[in-house]
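Here's the structure we're looking at; comments come further down.
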Amino acid sequence: MFFHFPAYIVNQGDVIDDLCAHFKAANSKEIASSFSSTVDLIIIDEEDVYSKAQAEQILRSFFNKYPPVKSTVIHRLNTNPNFRYGAVSLVTKNGTFRVSITLKKTANVFFITELKIETEK
């Protein structure tokens, strides 16, 4: 049996899987390319709303302090066509973290509106 999917569905792939791979690669640039113009960033105990560029720098310094070893998607919500949520377990050389990613759709593209990195309990 052959299924035909519109190109836009195939090309977007699963945004949560893509982000999980970028976290494993410590690719702050690729992750930041999915940030909305401002992003609510919570890293361990620091929380604030940052511009895309500021958030990328903060994420880069997190990766410098905690080099990733492995990342795994542990939870995802993708039933709403305009909203995605994913939780990723991020194992680093200096500890394990739970990364929560909230995305909202704007002009047919998902953008990260909130990114939370907390030590895994």
- Message: Quick check on Glu114: is it without any contact (Cβ under 8 Å) to a residue 12 or more places away in the chain and assigned to a strand (DSSP E or B)?
- Response: no
- Message: Which of the numbered conditions does Val15 fail, given that it passes all the others? Conditions: (1) at pLDDT below 95; (2) surrounded by fewer than 16 Cβ atoms within 10 Å (Cβ to Cβ).
- Response: (2)
- Note on the structure: So the strands (runs of 3 or more DSSP E) completely within the range 13-78 holding 2 or more residues that are closer than 17 Å to Arg98 by Cβ and in contact (Cβ under 8 Å) with a residue 12 or more places away in the chain are 35-43, 68-77
- Task: Report whether or not Asp40 is modelled with pLDDT under 95, surrounded by 13 or more Cβ atoms within 10 Å (Cβ to Cβ) and within 23 Å of Asn108 (Cα to Cα).
- Result: no
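The values are calculated or read from the model by the stated rules, or taken from the named source; none is laboratory data. Worth saying up front: this structure is predicted, and the values here are computed from it rather than measured. Positions of Cβ are backbone-derived with ideal geometry, glycine not excepted, and every protein chain shown enters the neighbour counts.
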